[in-house]
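As structure tokens, the structure follows; a few thoughts come after it.
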Amino acid sequence: MKRVAVFVLALGIAPAHAAFVSFDAPGGGTGGGRGTYAYGVNADGVVVGLVDDAQSKASGYVRTPDGTITVFNAVTGADTHAIDVNSDGTLVGYYTGSDGHLHGYTRTADGTIVSFDPKKSKGTQGITINLKGDSAGQYAGSDGVQHGFLRAANGKIVTFDGGVSNTFGTFVTGVNAAKTVTGFWFDSASSMHGYLRSKDGTLTPIDIDGAGTGTVQGTQPESINANGDIAGFYTDGSSKRHGFLRTADGTVTTFDVPGAANTIVAGLNKKRDIAGYWVDPNTGAARGFLRTAKGKFKKFDAPNASLQSGRGTFVSRIGDDGAIVGEAFDVNFTSHGFVGTP
């Protein structure tokens, strides 16, 4: 694995809120972390996520670029999470069934919902979907740990593990059109290791130099683009988090948002723009960032974001058109969705 260490200069904080739009899905509650969460966005600006009501019951939603929001449940009355969406408007997520277990589902742009589970699953989470409609995620096995899966658009499911784990197991964070999957797994010390799984099942380990080996330390890939580039973050031995970009040829670039106590990467697009959030050491609040393909930073705060500790701007993804989505927690700890560019 090649490694390139880089040092960057901040461009400074962008104008307050920049070009972001705040939105709230119908039926959202207030306080206690209730409200609207934005998890996925496609190149057309369609946003998906969930809305938590006053009773903390979750429903999925789709928001079109004109601001129209459609709230839905995968099954009537079921807690529903919408996590990712592709260019066709097909989304993937999971819901809680009447059996008390999680089940994966896809929802097409016309509202057609298909549920799925790998064999012997005790709980399925659909996490990511590619341009062709192939989706991936993780499921709980009878052994009590998580395992990865790749579900082809035709419904065929292949299961896998990123490594041998007897603790938390394997988690999936991204899949591209080549059916290359990325994510991380936990070893016996509950330390994280990244992986890249090719279409043929070949596994390539991703462990960033400087990553710690203690509990919930290690390497955590978060996104893969069409070129096979991967972005994520790693936690060092002092439990500080740093960002990284691993290009398809294996070259690794590490970085920190200037002035950050921690840097958490959430998404990567085809241009190699990276988005995420950083923790302000002076306030403890989360604040957003965009790292361009040239390595320059733009910092931002989403509308409604409080700068109190534990609140702020939490980025979820960046689309290929550059749109960034996530949620902003206000002073009352109510969540508001946002979409836009800094």
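Quick look at the values:
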item: Sequence of F314, F149, F23 once ranked by neighbouring C-beta atoms within 10 Å, starting from the fewest; result: F23, F314, F149
item: q = 0.17, 0.22, 0.23, 0.24 Å⁻¹: log10 I(q)/I(0) that the Debye formula gives for the range 223-335, counting C-alpha atoms only; result: -0.76, -1.17, -1.24, -1.32
item: Calculated Rg and Dmax of the range 48-103 using C-alpha coordinates, Å; result: 11.5, 37
item: Note, ³J(HN,Hα) from phi for the range 40-55, Karplus 6.51, -1.76, 1.60, rounded to Hz, x at Gly and Pro; result: x, 8, 9, 5, 8, x, 6, 10, 10, x, 9, 10, 9, 8, 4, 9
item: Per principal axis, descending, Cα span of the range 16-172 in whole Å; result: 45, 34, 34
item: Relative contact order of the range 202-342, defined on C-alpha pairs under 8 angstrom at six or more residues apart (%); result: 14
item: Least to most buried among K299, K240, K119 (fewest other Cβ within 10 Å first); result: K119, K240, K299
item: Amide N proximity, the range 86-112 versus V75 label position 7 Å along Cα-to-Cβ, cut-off under 19 Å; result: 92-108, 112
item: Translational diffusion coefficient (Stokes-Einstein; Kirkwood radius from C-alpha pairs) of the range 288-342 at 25 °C, 0.890 mPa s, in µm²/s; result: 213
item: Convex hull volume per residue for the chain, taking Cα atoms only, in Å³; result: 123
item: In sequence order, calculated HN-Hα J values of the range 62-69 (Karplus, 6.51, -1.76, 1.60; Hz; x Gly/Pro); result: 10, 10, 7, x, 7, x, 5, 10
item: Amide H contacts under 5 Å for D84, placed H, 5+ residues apart; result: V92
item: J(HN,Hα) series, the range 322-335, from Karplus relation 6.51 cos²θ - 1.76 cosθ + 1.60, nearest Hz, glycine and proline x; result: x, 5, 10, 10, x, 9, 10, 9, 7, 4, 8, 6, 9, 9
item: Percent RCO, i.e. relative contact order, over the chain, from Cα pairs under 8 Å lying at least 6 residues apart; result: 17
item: The chain: antiparallel DSSP beta bridges as a percent of all, rounded to 5; result: 90
item: Fully extended contour minus Cα-Cα distance, from T202 to V114, at 0.36 nm per residue; result: 28.8 nm
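Each reported figure results from applying straightforward, stated rules to the coordinates on display, with no laboratory input. Keep in mind it's a predicted model, so treat the numbers as computed, not measured. All Cβ positions, glycine included, derive from the backbone under ideal geometry; neighbour counts span all protein chains shown.
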